[in-house]
Amino acid sequence: MFGWLERNPFFFAVGVFVVIAFAGLIEIVPDFAQQSRPVVTAKPYSLLELAGRQVYIKDSCNACHSQLIRPFKSETDRYGMYSLNGEYAYDRPFLWGSKRTGPDLHRVGNYRTSDWHANHMWDPTSVVPGSIMPAYKHMFTNVTDLETAYAEALTVKKVFNVPYDKDMDGDGKVDVPLGSYEEAKKRAFEYALRVAEETKRQDLVDMVKAGKIPEIVALIAYLNRLK
Amino acid sequence: MNWLSDNVNQLALLGAAAILILTIGVAAKYFKQIKEGKSEGELKEENWDGIGEYKNNSPIGWSLAFIGTIIWGIWYWLVGYPLDAYSQIGEYNEEVKAYQAKFESKWANPTKEDLLGMGEGVFLVQCSPCHGIDGTGIEGKAQDLTRRLLKEEVLDVINRGSAALGNPNGQLGYPMGMMPPGLLSGADAEAVAEYVANGFKGNDKGAELFQSACASCHGPDGRGMNGMAPNLREYDDKIISAVLEHGKRGIIGTMPSFKGRLTPVQVKAVATYIRSLSEGA
């Protein structure tokens with residue numbers, strides 16, 4: 001039996017591979033298959049949130065803020081429930097970050113509000129004395145790029161089968177609508193107006209009404225979505 | 001200083017010498033064997049390009065170890081790993097459980113000083129980003145916790161009812177339930193608002209109207225009849241825990257719910273600390 005293997009090095013190599021890979025197979029594959037699924041509450045980002053996510057990436061928020069709450073008491077006390085793999089299912093790429101110059105933001109939507117974010121991004125030390133975070137005043141005038149965000153959403157919908165326009169939880173309603181660019185844009189503007197009104201800054205409301213979504217509004221929509 | 005007087009150095013030197021002597025001895029033994037040794041025993045019939053193999057049995061110790069490893073491997077694959085694997089979440093759960101047990105036994109009967117200290121700590125971490133480190137609400141950006149109610153706030157609730165407060169269902173979880181909008185209006189509402197905001201003083205008309213329109217739920221003294229309705233005079237434990245649990249919406253804006261983030265002792269501590277802010281003022 002083994003003489004045959006010794007005469008056939010290719011099949012010998014296959015056999016060696018199977019034996020060595022076995023432990024990996026039983027330890028990694030079943031767990032991976034389970035953990036990599038989206039958690040039940042995970043939903044794709046709406047157009048405005050996705051645009052905000054692109055602002056987050058563009059301004060390198062992830063250089064100072066992580067989005068990964070580790071399972072330690074000291075972290076869950078401060079930031080909330082530890083993060084699960086499946087929560088990042090629609091993050092492309094995930095923004096775990098590796099350095100916490102600022103606090104973790106993975107569940108910031110649970111304990112901050114739109115007006116707080118607006119005050120904080122305009123002048124961080126006005127709400128957090130001693131904060132070393134820089135002000136991001138340009139976000140209040142820069143206009144959000146909805147077209148790129150729509151392109152990203154449509155791409156992940158078509159290529160990775162991200163469930164836009166689908167009934168995910170079986171209640172007969174579409175959970176995260178995307179549709180055509182015009183439809184998506186209309187919804188994004190309605191959403192943006194709501195967020196702008198929550199910030200209680202008239203300049204932001206006026207901008208949205210004038211057909212331009214300031215970057216800060218998209219970013220706040222994204223941050224509020226992080227729960 | 002004589003470095004040999006240190007016994008660790010002595011031991012190290014002794015060890016080095018032993019290793020050196022053993023290495024030389026073992027090397028010499030094998031050199032001798034290579035030079036003089038002769039192969040003995042019977043060859044197997046198979047040979048590979050002239051390289052043969054002796055018909056020796058495997059050493060017993062080696063065979064036992066080999067078989068033992070196979071048995072252990074099967075056990076580990078089928079039972080050991082799947083049923084007894086390390087779990088980071090499991091370790092976290094144990095850590096939290098142990099910490100909670102310690103926390104609860106340590107703070108089973110906290111004194112007022114304990115609660116103030118703990119409350120200040122929790123307040124600075126969880127509350128101060130919005131309410132400010134002094135609790136004054138950062139120039140109107142959040143509720144000023146050094147006082148109870150402003151006239152505009154009372155008016156807002158009278159006009160809009162408690163559906164405008166609490167979580168999206170308008171609930172703060174008080175037994176008396178929701179307050180309907182428009183119990184009073186116009187000058188009457190103003191008078192009550194002024195009376196309440198002024199700390200239940202002055203404005204006789206407001207005092208009279210309060211007794212007829214508000215006292216049935218909030219109590220004749222406005223203290224909420226022991227938690228049946230919100231206390232309008234001070235931040236008691238009940239209103240702090242209700243707002244922390246349900247969040248709150250009001251004329252200023254929205255406060256998110258902090259449900260499950262604080263233990264009951266911590267909630268009590270925060271309430272004690274917040275009361276101390278208005279007492280000090």
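Structure notes:
- Remark: residue A:24 falls outside the filter, which requires a residue to be out of contact with any Lys or Arg (no Cβ under 9 Å at 6 or more places or on another chain), more than 14 Å from chain B (Cβ to nearest Cβ) and more than 28 Å from residue A:183 (Cβ to Cβ).
Residue by residue, here is whether (1) within 13 Å of chain A (Cβ to nearest Cβ); (2) in contact with a strand residue (DSSP E or B) (Cβ under 9 Å, 6 or more places away or on another chain); (3) open to solvent by less than 50 Å² (accessible area, probe 1.4 Å) holds:
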| site | (1), (2), (3) |
| --- | --- |
| B:73 | yes, no, yes |
| B:89 | yes, no, no |
| B:100 | yes, no, no |
| B:109 | no, no, no |
| B:146 | no, no, yes |
| B:151 | no, no, no |
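- Counted residues, segment A:66-107 - those being of a type in the set (Ser, Thr, Tyr), touching a residue at least 24 places away in the same chain (Cβ under 8 Å) and part of a loop (DSSP other than H, G, I, E, B): 4
- Enumeration of residues in segment B:71-129 that are of a type in the set (Phe, Trp, Tyr), in a helix (DSSP H, G or I) and without any contact (Cβ under 8 Å) to a residue 12 or more places away in the chain: B:72, B:75, B:76, B:77, B:81, B:92, B:99
- Positions within segment A:108-145 being surrounded by fewer than 16 Cβ atoms within 10 Å (Cβ to Cβ) and part of a helix (DSSP H, G or I), in sequence order: A:125, A:126, A:137, A:138
- Count - residues of segment B:228-281 that are open to solvent by 40 Å² or more (accessible area, probe 1.4 Å), closer than 24 Å to residue A:80 by Cβ and without any contact (Cβ under 8 Å) to a residue 24 or more places away in the chain: 4
- In segment B:114-144, residue nearest to the other protein chains (Cβ to nearest Cβ) [restricted to those that are over 16 Å from residue B:275 (Cβ atoms), under 18 Å from the mean Cα position of the chain (by Cα) and among the hydrophobic types (A, V, I, L, M, F, W, C)]: B:125
- Contact map, segment A:209-223: first residue in a strand (DSSP E or B), second residue aliphatic (A, V, I, L, M), Cβ cut-off under 9 Å, separation 6 or more or different chains; pairs are A:214/A:139; A:214/A:143; A:214/A:192; A:214/A:196; A:214/A:204; A:214/A:207; A:214/A:208.
- Check on residue A:114, within 13 Å of another protein chain (Cβ to nearest Cβ) and closer than 22 Å to residue A:31 by Cβ: no
- Test: residue in segment A:23-37 that is in contact (Cβ under 8 Å) with a residue 24 or more places away in the chain and either in contact with a Leu (Cβ under 9 Å, 6 or more places away or on another chain) or closer than 30 Å to residue A:192 by Cβ (or both): yes
The values are calculated or read from the model by the stated rules, or taken from the named source; none is laboratory data. The structure presented is a predicted model; accordingly, all values stated were derived computationally and were not measured. In this analysis, Cβ positions are derived from the backbone assuming ideal geometry, glycine residues included, and neighbour counts consider all displayed protein chains. Heavy atoms of the whole protein, side chains included, go into the accessibility calculation; ligands, DNA and RNA do not. Shrake-Rupley method; radii C 1.70, N 1.55, O 1.52, S 1.80 Å.
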